[in-house]
1. Could you please find all residues in segment 2-19 being within 16 Å of ligand 2 (Cβ to nearest atom) and modelled with pLDDT of 95 or more?
2. Name every residue in segment 137-164 that is closer than 14 Å to residue 48 by Cβ, out of contact with any Asp or Glu (no Cβ under 6 Å at 6 or more places or on another chain) and polar (S, T, N, Q), in order of residue number.
3. When you check residue 26 against the structure, is it near ligand 1 (Cβ under 10 Å from one of its atoms) and among the basic types (Lys, Arg), yes or no?
4. Among 100, 139, which is the only one that is under 14 Å from the mean Cα position of the chain (by Cα) and away from ligand 2 (no atom under 16 Å from the Cβ)?
5. Can you tell me which residues in segment 110-152 are surrounded by 19 or more Cβ atoms within 10 Å (Cβ to Cβ), of a type in the set (A, V, I, L, M, F, W, C), more than 20 Å from residue 99 (Cα to Cα) and at pLDDT 95 or above?
6. Residues being hydroxyl-bearing (Ser, Thr, Tyr) and over 18 Å from residue 157 (Cβ atoms): count how many of those fall in segment 120-136.
7. Just for segment 166-195: of the residues that are assigned to a strand (DSSP E or B) and under 21 Å from residue 14 (Cα atoms), which one is nearest to ligand 1 (Cβ to nearest atom)?
8. Collect the residues in segment 54-106 that are assigned by the TED database to the domain that holds residue 24 and among the basic types (Lys, Arg), keeping them in residue-number order.
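The values are calculated or read from the model by the stated rules, or taken from the named source; none is laboratory data. Model, not experiment: these values are computed from the prediction. Virtual Cβ from ideal backbone geometry, glycine too; neighbours counted across all protein chains shown.
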Amino acid sequence: MIKGIIFDLDGVLVSTDEMHYLAWKRLADELQITGFTREDNRRQRGVSRMASLEIVLEKADRVYTEEEKAELAERKNNYYLELLEHMDESAVLKNVKEVLAGLKERGLLLAVGSASKNAPVILEKTGLLPYLDKISCGLDTTKSKPDPEVFLVAARKLELSPGQCLVVEDSAAGIEAAAAGGMKSLGVGPFYRLLHADYEAPMLCEVQNWDEILK
Ligand code: B16
Ligand code: MG
């Protein structure tokens, strides 16, 4: 029986994907990388900052040193943080707070399992913190999805076994990570049909079969 739910953040609870895209695009433009597209950005969903940078640099016409890559990742993050400054509760996806409150009422433990090192800031700015029992994010982990580390850390913080947890994700890397960690998954978001999750819905607020999913 499911006792805890681990939610990915970007694309599941809040909409930050456009801000990530704009920040990476600004960096790509500065590097005169012309072929960076929204399709490339789709592949960046759920993967770490450094892995996302590698996707941008696939189309570069030169090789970058590790030192240069660290600077580029930091530069992108600064652009992203500039965009986050304007973030507020309006970034929360439709009816997410109501869904979280309903799940809490059922007695479930709720956590975030996000690759983002900015997860605590985002949760604070959007008013989502009070709805969550624990946070596991890029600050707690060294391996990025599809490695299950971020979800295993979340389960440990909730004091549950992986089999007692459900992961809600919008990325292929995240669904793979859930399976690798021995957790059932619910795929949501624009690509939900492509994710091969155990359960699926276009958005969190459109999930109809919670009884079946949580049994
Ligand atoms: P940061 P999630 C992920 O968050 C994003 O989907 C992904 O695009 C981003 O590269 C990653 O966080 C790292 O974010 O640069 O803020 O540390 O979907 O796992 O909540
Ligand atoms: Mg995501």
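1. Result: 5, 6, 7, 8, 9, 12, 13, 14.
2. Selection gives 142, 144.
3. no
4. 139
5. 137, 150, 151, 152
6. Total meeting the criteria: 1.
7. The qualifying residue nearest to ligand 1 (Cβ to nearest atom) is 169.
8. Across segment 54-106, the qualifying residues are 59, 62, 69, 75, 76.
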